[in-house]
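Visitor: Below: one structure in structure tokens.
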Amino acid sequence: MDVKHLFQALDKNDCLLYTLVIIWRYADMDTSLAGKTYVVTGATSGIGLAAAEQLAQRGANILGVGRSAARCSECAAKLEAQYPNARVAYLVADLSLQAEVRALAQAVGEQLAAWGLKALDGLINNAGTFTSWQTLTPEGFETQWAVNYLASFLLSQALMPLLQAGPQGRIVVVSSGSHYHTKLRWDDVQLRRNYNGLRAYKQTKLADVLMVAEMGRRLGPNSTVRAFAADPGLVNTEIGLKGTNGLARWVWSLRRGGGISAEKAAQGIVFLATEPAIQVSQEVYWKHGRPQAPSPHALSEEAGRRLWEMSLQMTGMSLP
Ligand SMILES: NC(=O)c1ccc[n+]([C@@H]2O[C@H](COP(=O)([O-])OP(=O)(O)OC[C@H]3O[C@@H](n4cnc5c(N)ncnc54)[C@H](OP(=O)(O)O)[C@@H]3O)[C@@H](O)[C@H]2O)c1
């Protein structure tokens, strides 16, 4: 029986009731994230702040991460005022330091416990940086490698038990279309000998996609946790105005004008973190909610294994 005949067979009151139930179900399915909890790194500006806002708007619990205590307080207050139905907490961590990434994972667990929760629904590894100059962290890593790649690897592993504790866990790593234009220099992945800011940035973004592909293989098709890499496109943010020299700032101030808004870019990332229909997808790399072929270098199983082992060594972890 089709819907028209079904409705004809029902009396007026039944029709009204079923219509209301259908509207309520679809409205609820489409938008509400009430009861779900997401960690968003780099949630103090640009794409990360926009993603945190979109998740909060749909009623999710937000654990935002930023490196500045003042900006974290400001963003937390803004989200709380705008979205009173969402629970919001911001945690301060400089993700260039592994010690702070580990402390952050601990703090996430503590905040979940304080909210009476045992699981995390998603982790959005969005924090990123571009530096014109070669800078080493106090732990001895090149800064872009530490923030854009290694922190995402370490935080994903540290939060994996909490992501596995829920019915469906998501890891989204914000990569970039710039990953297509490079290869990993295995003998010097941090470009210590011959540093170039843009080359270093592209390498970290390729490493992000390689990591997601390898994580997917290691988790296997039956895992409740899925990992996706996101390409946000060219986005009008201030990333190229921080930690850069005058020429790079000038180039970025012209280039970013052709980009999309952070809000638009965040939609594709929130989709990857929340859309139930893609839970079974084996696609690795997505742009604006659509799967794309990544660079062939990102799909090399040998390279994925090699990077994984190198990352374990760099973070002092031992995983199966
Ligand atoms: N904009 C683009 O066209 C574009 C294109 C492709 C990919 N992406 C990627 O998109 C992501 C977001 O970038 P965006 O464009 O939105 O830039 P953004 O506005 O500068 O946002 C970057 C975020 O990361 C945070 N961050 C930087 N270094 C950190 C550290 N050491 N510890 C903790 N947090 C740190 C920043 O904190 P502060 O607020 O304190 O600066 C900020 O919240 C990055 O991964 C970027 O590589 C951007």
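Visitor: Of everything in the range 83-108, what is modelled with pLDDT of 95 or more, assigned to a loop (DSSP other than H, G, I, E, B), among the small types (G, A, S) and more than 12 Å from the ligand (Cβ to nearest atom)? Give them in sequence order.
Guide: Pass one, the range 83-108, residues modelled with pLDDT of 95 or more: 83, 87-108.
Among the residues that remain, those that are also assigned to a loop (DSSP other than H, G, I, E, B) are: 83, 87, 93-97.
Now narrow it down to the ones that are among the small types (G, A, S): 93, 96.
Correct list: empty.
Visitor: Yes or no: G42 touching a residue at least 40 places away in the same chain (Cβ under 8 Å) and either within 16 Å of the ligand (Cβ to nearest atom) or of a type in the set (V, I, T) (or both)?
Guide: Yes.
Visitor: Applying the selection to the range 145-169, what residues are within 11 Å of the ligand (Cβ to nearest atom) and of a type in the set (S, T, Y)?
Guide: Matches in the range 145-169: Y149, S152.
Visitor: Take the residues in the range 113-133 that are buried (at least 24 other Cβ atoms within 10 Å of the Cβ) and of a type in the set (A, V, I, L, M); name whichever of them is farthest from the ligand (Cβ to nearest atom).
Guide: L120
Visitor: Checking S68 against (1) open to solvent by less than 30 Å² (accessible area, probe 1.4 Å); (2) touching a Leu at 6+ places or on another chain (Cβ under 9 Å); (3) within 12 Å of the ligand (Cβ to nearest atom): exactly one of these is not met. Which one?
Guide: Of everything listed in (1) open to solvent by less than 30 Å² (accessible area, probe 1.4 Å); (2) touching a Leu at 6+ places or on another chain (Cβ under 9 Å); (3) within 12 Å of the ligand (Cβ to nearest atom), S68 misses just condition (2).
Let's see how each residue does on (1) open to solvent by 50 Å² or more (accessible area, probe 1.4 Å); (2) within 13 Å of the ligand (Cβ to nearest atom); (3) farther than 30 Å from D121 by Cβ:
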{"residue": "Q203", "(1), (2), (3)": "no, yes, yes"}
{"residue": "L206", "(1), (2), (3)": "no, yes, no"}
{"residue": "M215", "(1), (2), (3)": "no, no, no"}
{"residue": "G220", "(1), (2), (3)": "no, no, no"}
{"residue": "R226", "(1), (2), (3)": "no, no, no"}
{"residue": "L241", "(1), (2), (3)": "yes, yes, yes"}
{"residue": "G246", "(1), (2), (3)": "no, no, yes"}
{"residue": "W250", "(1), (2), (3)": "yes, no, yes"}
{"residue": "S253", "(1), (2), (3)": "yes, yes, yes"}
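Conditions (1) surrounded by 13 or more Cβ atoms within 10 Å (Cβ to Cβ); (2) in contact with a helix residue (DSSP H, G or I) (Cβ under 9 Å, 6 or more places away or on another chain); (3) not in a helix (DSSP H, G or I), marked per residue:
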position: A265; (1), (2), (3): yes, yes, no
position: G268; (1), (2), (3): yes, no, no
position: Q282; (1), (2), (3): no, yes, yes
position: W286; (1), (2), (3): yes, yes, yes
position: A298; (1), (2), (3): yes, yes, no
position: E302; (1), (2), (3): no, no, no
position: R305; (1), (2), (3): yes, yes, no
position: E309; (1), (2), (3): no, no, no
position: S318; (1), (2), (3): no, yes, yes
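Visitor: Right, another one. What residue, among those in the range 134-193 that are among the polar types (S, T, N, Q) and open to solvent by 70 Å² or more (accessible area, probe 1.4 Å), is farthest from M215 (Cα to Cα)?
Guide: Among those that are among the polar types (S, T, N, Q) and open to solvent by 70 Å² or more (accessible area, probe 1.4 Å), it is Q134.
Visitor: Ok, one more. Which of the residues spanning the range 92-104 are buried (at least 23 other Cβ atoms within 10 Å of the Cβ) and not β-branched (V, I, T)?
Guide: Passing the criteria: A93, L95, S96, L104.
The values are calculated or read from the model by the stated rules, or taken from the named source; none is laboratory data. Only a predicted model underlies this, so the values are computations on that prediction, with no experimental measurement involved. Ideal geometry is used to build each Cβ from the backbone, glycine not excepted, and the neighbour counts take in all protein chains shown. With ligands, DNA and RNA removed, areas are computed over all heavy atoms of the protein, side chains included. Shrake-Rupley method; radii C 1.70, N 1.55, O 1.52, S 1.80 Å.
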